[in-house]
């Protein structure tokens, strides 16, 4: 067998590596939080979710999510579940967001048992002004959720301004989320 024939097996390998490199580049260099969302700039999906039964905040029942939830305020929507390990890690950042007077923090509880969800929020403190339960995951599909946790920023105009895939961390909180909130809050 000649040397050029022996090298033929390199062609499929080179093609595979080129395609893998292209996919890696297009997906943001492997950073799942950079996966683009087709919903950016679009109105929030029609979302009517019942409240998490028995959940309170400041000794008042926490409402579910309706179209009114997104009216006339910058809203941060966090999709979470008690069984989600990264959701436990991002709670301190959600608590910080809950203190930000420029926004309203809302939670979508994804495919969770109500007792487990309440225990989770009672353990860490409930940062959400409203929490809707998405027992079957239908609302998450409408929002384009890949998996929990995910966080959306909705402008006063009711349009999705930003999407963060994965947990809120110290790095993406200060580098990405806070500037996006400032940008949305500055818009009328």
Open item on the list: Between residue 185 and residue 20, what's the calculated FRET efficiency when r is the beta-carbon distance and R0 is 30 Å? Round to 0.05.
Closed with: 0.15
- [ ] Pick out which of 82, 73, 101 has the largest mean-square fluctuation in a Gaussian network model of the chain, springs linking Cα atoms closer than 10 Å.
- [x] 101
Task: On Cα atoms only, tilt of 10-26 relative to the major axis of the chain in degrees - done: 20
Task: the chain: angle of helix 85-98 to the longest principal axis, Cα-based, in degrees nearest 10 - done: 50
TODO: List the relative contact order of the chain as a percent without decimals, with contacts defined as Cα pairs under 8 Å and 6+ residues apart.
DONE: 27
- [ ] List 118, 96 from most exposed to least, where exposure is judged by having the fewest other Cβ atoms within 10 Å.
- [x] 96, 118
Task: Of 18, 170, 95, the one that fluctuates the most in a GNM where the chain has Cα springs shorter than 10 Å - done: 18
Task: Among beta bridges that DSSP assigns inside the chain, antiparallel share in %, nearest 5 - done: 55
Task: Helical mean residue ellipticity (222 nm; -39500 (n - 2.57) per DSSP H run of 4+; nearest 500) of the chain - done: -9500 deg cm²/dmol
Open item on the list: Run the numbers for residue 156 and residue 68: contour at 0.36 nm per residue of separation, minus the present Cα-Cα distance, in nm.
Closed with: 30.5 nm
- [ ] Identify which of 134, 112, 100 has the largest mean-square fluctuation in a Gaussian network model of the chain, with springs joining Cα atoms closer than 10 Å.
- [x] 100
TODO: Could you work out how far the C-alpha centroid of the stretch 86-124 sits from that of the stretch 152-179, in angstrom?
DONE: 15
Open item on the list: At R0 = 41 Å, how high is the FRET efficiency between residue 170 and residue 136 if r is their beta carbon distance? Nearest 0.05 is fine.
Closed with: 0.75
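No lab work stands behind these numbers, since they all come straight from the coordinates. Everything quoted here is computed from the prediction, not taken from an experiment. We place every Cβ from the backbone using ideal geometry, glycine too, and count neighbours over all the protein chains shown.
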